[in-house]
């Protein structure tokens, strides 16, 4: 009985202790894409090791009925292009106004721990 109460308590703690923003969105058939998609995990590691890591972030969206990941930054002094990847980590294209208009449901997947980006201004909460 004690073991069952411990499990229930732990479950309640998890469910009430996390807000919607604490968990990354599900993508590519995974509830935790950062842990379950190796190429995404590699990209995050690569972005974290960068001296400009505080400006980096990754979003996910739907593009022509497929899930994509967009590697972005909010670097105020960089000339940047945003690369778009599929679930396997293959580079698809560079984001443009035309392709951005065809995307829907864009959500934040990852941001550097000490990010300097203003995600509310970018439309992410």
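If residue 54 meets every condition in (1) outside any helix (DSSP H, G or I); (2) modelled with pLDDT of 95 or more apart from one, which number is that one?
For residue 54, the failing item is (1).
For the range 48-71, give me each residue that is without any contact (Cβ under 8 Å) to a residue 40 or more places away in the chain and either farther than 24 Å from residue 38 by Cβ or surrounded by fewer than 19 Cβ atoms within 10 Å (Cβ to Cβ) (or both).
As a first pass, look at the range 48-71 and keep what is without any contact (Cβ under 8 Å) to a residue 40 or more places away in the chain: 49-52, 64-66, 68, 70-71.
Across the range 48-71, the qualifying residues are 49, 50, 51, 52, 64, 65, 66.
What about residue 37, is it in contact (Cβ under 8 Å) with a residue 60 or more places away in the chain and surrounded by 11 or more Cβ atoms within 10 Å (Cβ to Cβ)?
It is false that residue 37 is in contact (Cβ under 8 Å) with a residue 60 or more places away in the chain and surrounded by 11 or more Cβ atoms within 10 Å (Cβ to Cβ).
Can you find a residue that is at pLDDT below 90, part of a helix (DSSP H, G or I) and within 23 Å of residue 104 (Cβ to Cβ) anywhere in the range 11-23?
yes
Please count how many residues of the range 74-114 are touching a helix residue (DSSP H, G or I) at 6+ places or on another chain (Cβ under 6 Å), surrounded by 14 or more Cβ atoms within 10 Å (Cβ to Cβ) and in contact (Cβ under 8 Å) with a residue 24 or more places away in the chain.
Residues that pass the stated criteria total 4.
The values are calculated or read from the model by the stated rules, or taken from the named source; none is laboratory data. Since the model is a prediction, treat every value here as computed from it, not as a measurement. Glycine also receives a Cβ, built like all others from the backbone with ideal geometry; neighbour counts cover every protein chain displayed.
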